[in-house]
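A.B. asks: Sharing a structure, written as structure tokens. Questions coming.
The values are calculated or read from the model by the stated rules, or taken from the named source; none is laboratory data. All values reported here derive from a predicted model rather than from experimental measurement. Cβ sites come from the backbone with ideal geometry, for glycine too, and all protein chains shown count toward neighbours.
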Amino acid sequence: MDAPTQPFVAVRTTHRIAMPDTSSPTHNRATAPQLDGDARIAGLLMAINSRSRPSLLDFLRVHMTVSSSSPMTTDDYADWLVSFSRLSQGVVLREIKPVDTISFTQTVVVDDRVYSATHEFHLRFEAFAGGKILEIRGRPGELQSIAKSQADCLAQVQDLCDRGARAGVFSGTVLIARGSEVLFEYACGAANKRYDVPNNPDTKFNLGSANKMFTAVAVAQLVERGRLSFTDTVDQYIDDTWLPPSVTRRITVHHLLSHTSGLGSFFNETFFNGSRARFRAIDDFKALVRDDRPAFAPGERFEYSNNGVLLAGVIIERVTGMSYYDYIREAIYAPSHMLDTDCYDIDAPVPNLAMGYIPLVDPTGRRSVPEWRENIFEHVAKGGPAGGGYSTVRDLHRFATSLISGVLVGPEMRQALWTDYAGMGYGYGFNVEKTASGTMIGHGGGFSGISASFRVALDTGYVAIVLSNYDMGTFGLARCIEHVVDQIQE
């Protein structure tokens, strides 16, 4: 439902937006601002460590100027930094890098106080001495690489989970496996705070976008069986009650699954301004999609699209004659023995299902323990092809095992799923990335009150799954766990 990963970047909402180009024309190096050790950097870090929105706003209003064309407002930056300060519990300065005299950007490297993970802030300044900050961007920094034995790494994973739980930023479950062998399980926090019901390894968590993988595998199965092709145009399956033929005849199944269709997201004003209960069956989403038009020529570039994967689900229904939900149960969940996975209606009394929780921001920053509210009015009433279904760490491990062993699709289709088509680390419904140990595939998920991470190292067979019912609950933790697992020495 969200972006495919949860990068540490400033974003205005929980949905992906385009950030402005930070490149600048080449300037005379003699005019480069002298920013090393600048008091503004110290001021920014002090404001972050205050965990106070007023302090952050005061800093930004004095030291930052945001152009009218920026997708971020000063308030957006304050919200983002407050969220980061909550999740990191503050930062410790590691390094201030020299100014890039071409882009007038300075990089500040910090460690967070929860997981000791490294993060980078990139501050772009006006192109003169003493110029104000124009933009702040963030990204994960390099983590220290120390190869260890499997036992040492699992002990480190335990420590990371304990840190997140103690800091109150992680509530959820974790599973580490190698192939079919489960090596580590962890659960903490409450699935339901009203009744103090604890999470356990069989608790069902909302996956956000992570169940885009199921949609992609289902399409690959149909291609494998000769019932459709990745090169088929969408107009062969979708009528003009969804989108006009002038749009659908230019878009292929390949474009939908690789996020190169140019289409956008059904998380729009119509969705947010009305009752979520209106959207349960796949056809209910027509009202949210029918006005969408490609932002670029299909195939031109990568841009994450919930509408694209939703339409892939529509195609599954048209080809099979079954509802999307029934087909996924039959083709994905049943052969993988995933008995606790489905797109449940949020108002149905499903046993052992975790409610999602959003922290209430204390505007003064004085409250040490966050207050929470449930996300029931934020998310979809029922998940679908683009995300929002539920699963457990154990079921997702079963899915990984079925996928790798060939139960779901053969080697050729797996290769199709895990080819990086646009050079953006994304195949068909899966992230694809190169790591120290080889190729890693999977998907993340996030929305208000939920967070998920699923990763499989294809070369070593390690599986790392982190699910949380906290807003951005896997932030930092999943990344650190993946890194630790990737460093296991044979």
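A.B. asks: Among the residues of the range 246-272, how many are more than 23 Å from the chain's Cα centre (by Cα) and crowded, with 23+ Cβ neighbours inside 10 Å?
C.D. replies: Within the range 246-272, residues that are more than 23 Å from the chain's Cα centre (by Cα) and crowded, with 23+ Cβ neighbours inside 10 Å number 1.
A.B. asks: Just one of the numbered conditions (1) over 23 Å from ILE358 (Cα atoms); (2) modelled with pLDDT of 95 or more; (3) in contact with a strand residue (DSSP E or B) (Cβ under 6 Å, 6 or more places away or on another chain) is not true of GLN106; which one?
C.D. replies: The one condition GLN106 does not meet is (2).
A.B. asks: For a quick check of your reading of the model, give me the residue pairs whose first member lies in the range 347-369 and is more than 18 Å from SER88 (Cα to Cα) and of a type in the set (S, T, N, Q), whose second is surrounded by 18 or more Cβ atoms within 10 Å (Cβ to Cβ) and at pLDDT 95 or above, with beta-carbon atoms closer than 7 Å and at least 6 apart or on different chains.
C.D. replies: ASN352/ALA191; ASN352/THR203; ASN352/LYS204
A.B. asks: Sticking with this one: Within the range 285-328, count every residue that is under 23 Å from the mean Cα position of the chain (by Cα) and among the small types (Gly, Ala, Ser).
C.D. replies: Result for the range 285-328: 6.
A.B. asks: Assess whether GLY446 counts as being in contact with a helix residue (DSSP H, G or I) (Cβ under 8 Å, 6 or more places away or on another chain), of a type outside the set (Asp, Glu) and either in a loop (DSSP other than H, G, I, E, B) or on the phi > 0 side of the Ramachandran plot (or both).
C.D. replies: no
A.B. asks: Quick check on the range 127-182: of everything there that is loosely packed, with under 15 Cβ neighbours inside 10 Å and within 20 Å of the chain's Cα centre (by Cα), which residue is modelled with the lowest pLDDT?
C.D. replies: It comes out as GLU142.
A.B. asks: Moving on to the next point. Give the residue that is surrounded by the most Cβ atoms within 10 Å (Cβ to Cβ), with candidates limited to residues of the range 279-296 that are touching a residue at least 40 places away in the same chain (Cβ under 8 Å) and more than 17 Å from VAL314 (Cα to Cα).
C.D. replies: PRO294
A.B. asks: Could you check, for the range 468-489, whether at least one of its residues is surrounded by fewer than 18 Cβ atoms within 10 Å (Cβ to Cβ), more than 30 Å from ALA190 (Cβ to Cβ), over 13 Å from the mean Cα position of the chain (by Cα) and at pLDDT below 95?
C.D. replies: So far as the range 468-489 goes, yes, one or more of its residues are surrounded by fewer than 18 Cβ atoms within 10 Å (Cβ to Cβ), more than 30 Å from ALA190 (Cβ to Cβ), over 13 Å from the mean Cα position of the chain (by Cα) and at pLDDT below 95.
A.B. asks: Quick one: which residue in ASP232, ASP240, ASP162, ASP196 is out of contact with any strand residue (DSSP E or B) (no Cβ under 9 Å at 6 or more places or on another chain) and of a type outside the set (A, V, I, L, M)?
C.D. replies: ASP240
Residues are listed down the side, and each one gets a yes or a no for (1) surrounded by fewer than 20 Cβ atoms within 10 Å (Cβ to Cβ); (2) within 23 Å of ASN273 (Cα to Cα); (3) among the hydroxyl-bearing types (Ser, Thr, Tyr):
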| site | (1), (2), (3) |
| --- | --- |
| ASP326 | yes, no, no |
| TYR333 | no, no, yes |
| THR341 | no, no, yes |
| ILE358 | yes, yes, no |
| LYS382 | no, yes, no |
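A.B. asks: While we're here: Check off (1) farther than 14 Å from GLU482 by Cβ; (2) in contact (Cβ under 8 Å) with a residue 60 or more places away in the chain for VAL463 and give me the number that stays unchecked.
C.D. replies: (1)
A.B. asks: Could you check the range 318-349 and list, in sequence order, the residues that are more than 23 Å from SER402 (Cβ to Cβ) and either in contact with a Phe, Trp or Tyr (Cβ under 8 Å, 6 or more places away or on another chain) or not β-branched (Val, Ile, Thr) (or both)?
C.D. replies: ARG318, GLY321, ASP345, ASP347, ALA348, PRO349
A.B. asks: Here is a follow-up. Return a yes/no flag: does the range 384-392 have any residue that is more than 26 Å from ARG318 (Cβ to Cβ), touching a residue at least 60 places away in the same chain (Cβ under 8 Å), crowded, with 22+ Cβ neighbours inside 10 Å and not aliphatic (A, V, I, L, M).
C.D. replies: Taking every residue of the range 384-392 in turn, at least one turns out to be more than 26 Å from ARG318 (Cβ to Cβ), touching a residue at least 60 places away in the same chain (Cβ under 8 Å), crowded, with 22+ Cβ neighbours inside 10 Å and not aliphatic (A, V, I, L, M).
Quick grid of which residues meet (1) touching a Phe, Trp or Tyr at 6+ places or on another chain (Cβ under 9 Å); (2) at pLDDT below 95; (3) in the same structural domain as TYR462 (by TED's automatic domain parsing); (4) closer than 29 Å to ALA331 by Cβ:
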| residue | (1), (2), (3), (4) |
| --- | --- |
| THR203 | no, no, yes, yes |
| PHE214 | yes, no, yes, yes |
| PHE230 | yes, no, yes, yes |
| VAL247 | no, no, yes, yes |
| ILE251 | no, no, yes, yes |
| ASN268 | no, yes, yes, no |
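A.B. asks: Can you tell which of ILE332, ILE328, ILE358, ILE316 is in contact with a Pro (Cβ under 8 Å, 6 or more places away or on another chain), assigned by TED's automatic domain parsing to the domain that holds THR173 and of a type in the set (Val, Ile, Thr)?
C.D. replies: Every option except ILE316 fails the conditions.
A.B. asks: Within the bounds of the range 182-198, is there any residue that is in contact with a His (Cβ under 8 Å, 6 or more places away or on another chain) and in contact (Cβ under 8 Å) with a residue 12 or more places away in the chain?
C.D. replies: So far as the range 182-198 goes, yes, one or more of its residues are in contact with a His (Cβ under 8 Å, 6 or more places away or on another chain) and in contact (Cβ under 8 Å) with a residue 12 or more places away in the chain.
A.B. asks: What is the residue count in the range 390-424 for residues that are of a type in the set (Gly, Ala, Ser), in a loop (DSSP other than H, G, I, E, B) and out of contact with any Ser or Thr (no Cβ under 7 Å at 6 or more places or on another chain)?
C.D. replies: 3
A.B. asks: Quick check: is even one residue across the range 396-415 in the same structural domain as THR270 (by TED's automatic domain parsing), in contact with an Asp or Glu (Cβ under 8 Å, 6 or more places away or on another chain) and surrounded by fewer than 17 Cβ atoms within 10 Å (Cβ to Cβ)?
C.D. replies: yes
A.B. asks: Just one of (1) outside any loop (DSSP other than H, G, I, E, B); (2) crowded, with 24+ Cβ neighbours inside 10 Å; (3) of a type outside the set (Val, Ile, Thr) trips up LYS434, so point out which.
C.D. replies: The number of the failed condition is (2).
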